[in-house]
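Report on the following structure.
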Amino acid sequence: MPRKNGNGMEVSRDPLLVLMAPPANESAEEKEIRIRNEKVAIARNAEIEEMLRLERVAAKKRGCIRVLLLGQSESGKSTTLKNFQLAFAPNAFRAERVSWTRIIYLNLVRSINTIIRAVSPELLGTNKSTLSSPSTSTLPSPISPLDRSHADFPLPPTAQSSAMTPSLSSSSQIPIDYTALFADLSALEGLEERLQRQLIPPDEPFPQYPANTNANGGGAGKRYTSHGEFFVYSTTGWKTAFSMLRGRGSLESRSSIDRRASVGADNGGGGGGGGDDVVGVLLEKKRAMIVLWRDERVRRALRRSSRIRLDDSAAFYLDNIDRIVQRYYEPSDDDVIRARLRTVGVQEHIIVHERQLTRDMASEWRMYDVGGTRSERAAWIPYFEHMNAIIFLAPISAFNQVLDEDRDRNRLEDSFGLYKKIVSSKLLAKVQIVLFLNKVDLFRRMINHQGISFSKYVPSYGNRPNEVESIMKYLKAKFKEISRDHSPQARTFFSYFTSVVDTQSTAVTLQIGAFFSPMCLANDDAYAV
C-alpha cells in the first residue's frame, strides 16, 4: 500500500523522488538556488518537449542517442563531456579551443589569488625568506587533502614542473620580500573580477565578493557558491558570446588569433597591462606568479593552511605559467580539458560524429550535463524520460573529503548513496547505466605517495591492505553489489576506472565502452511516438 502523509496524500516510495525532495535542513540560500534551478528546468523542459516530439521519428531514422551525465559536484562530468567532443567531433572541439582562453586565464588567476589568501597570514608574519633555484631545489612532499577544507590536489614534484623563464633558472638564491611580492600580484584581484564580469550578461549587476570570505567560503554573493566559487548559469551562453573569438580555419594568421586571445587588447597589443589588455597584465606579472608558485616556503605554508580551496587542475596551470602566459598563446587540448567553470543548471550539448565508428553507431548524440550539488539535483527529473544511457561519475579520490553543502557527509559515501538512488529508481529501470570510477590518478597518488589510510575514512573496508589494487577491487565490488541488489530488474553492470583529464586513456574507454552497446540503441521507448 502507498504510504500517506499527515494530510492523507500518497507519498511516493520511489527512492529517486525521495532524493529529489528538498533537504530538511535547507538554508535560505540553498532554497533560493533550488527554486531558481527548478524554474529553469521546468521552463527548459517545456521548450524541449515540443522539439523532442518533432525529432523522435527523425532521430530514430538517423540514429540519435541521449546520454545524461550524473554525479556529485566536481566528479568530472564536464570534463567527460569534453572528452566525448574531442574523441568523436575533434574538428568542432578544436575550432572552439580559443573560446576557452579566458576561462583558462581565470583558472590561473583564481589559483594565484587563492594561494595568496591562504599563505599570507603565515608568511607576512616573517617577511623575509630565500628562494632556492627552481632548477635545483627540492620541493616538499605533496599536500595531503584531509578534507574539503584542505588542498584538493597534491603538489607536483619538481621533475613534473614546466620549464622556467631564463631569469629564474640561475643557481643563485633570490631574497623574497613577501609583502612586496603580494603587493605586486594584487593587480590579479582586479583581473579576476574583470574576467568574471565578461562571463555574465551585461545587464546583470556584478556581485561583490565578500571581503571577509576566505578561499574556503564563509559568505556568498549571487554568483558565488557557499564556499566562495564563482559560477555562471547554464542559460548565460558564455561560449556563444565568445564565438567571435573562434578561428576561421587554417588560413587564420597568428597575429589575428593573438588579438582575439588577448581578450580585449588594444589593436597595438603591448605588454603594459593598461586598458583592458588581460594578456598584458599577465605578462607583466608572469615572473612574480612563477616566484610565488616555486617558493619552498609558500609550498610549506600551503600544506599547513586550512584556508586553501583549489580545484584539481590548479597545479597543472600553475606548472605551465611559462607556456600559457604568452602573447601568442593558443590553448592545447589538455588545457581545455582541464579548464573549470562552475555552471549551475542543465546544459544540453549536441555532438555530431565526424566519423562513423560502426554500422550501428548513432551519428548524433545529445549529452546533458547537470549540476551535482544537492540543491541542483531536483533539476534532473525532467531529463530522465528520454534518456538511452546514464554515465554516473564517482570520484574515488574523494574518499577523505566531505561535501561542501554538508560537512558531515563523506563524499564517497554520498556517491554510494546517490548511485543506489539512481539504479533503484523505476523511472530508470530500462536505462543503461555506465559507472565511471573517476580520478584514479589522484587516488593512486594519495595511496602510494601520501600514504593516506583508506579504511580510516571508509570503515567498511576493514583490515584489507591499504594498496591501490585492493581498494579498487573493493570499490568495484561495492558498486556492483549496489546495482545487483537495488535495480528493479536485472541489468548489466558496466564500470570503468578513469582519469578523465587523461584524454588518451579516456578515448580508449569511450571507444570500447558500453555507450556503443546495442543495448543503448535498442531502447525504443525513448523514441516512442
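Quick note: the coordinates plus some simple rules give every number you see, no bench work behind them. Computed from a predicted structure; not experimentally measured. Virtual Cβ from ideal backbone geometry, glycine too; neighbours counted across all protein chains shown.
Could you pull out the pairs from Lys420/Lys478; Lys456/Lys480; Lys82/Lys476; Lys82/Lys430; Lys77/Lys430; Lys426/Lys480 whose alpha carbons sit more than 20 Å apart here?
Lys456/Lys480; Lys82/Lys476; Lys82/Lys430; Lys77/Lys430
Is the shape of segment 395-447 rounded, prolate or oblate, going by the alpha carbon gyration tensor and its root eigenvalues a ≥ b ≥ c, with a/c under 1.5 for rounded and a/b larger than b/c for prolate? Here segment 395-447 falls in the oblate category.
Quick check on segment 449-511: take the gyration tensor over C-alpha atoms, sort the square-rooted eigenvalues as a ≥ b ≥ c, and tell me if it's rounded (a/c under 1.5), prolate or oblate. Judged from the Cα gyration tensor, segment 449-511 comes out oblate (a/c at least 1.5, b/c at or above a/b).
Each peptide in 459-467, 189-197, 78-86 was scored by the mean count of other Cβ atoms within 10 Å over its residues; highest first, the order is 78-86, 189-197, 459-467.
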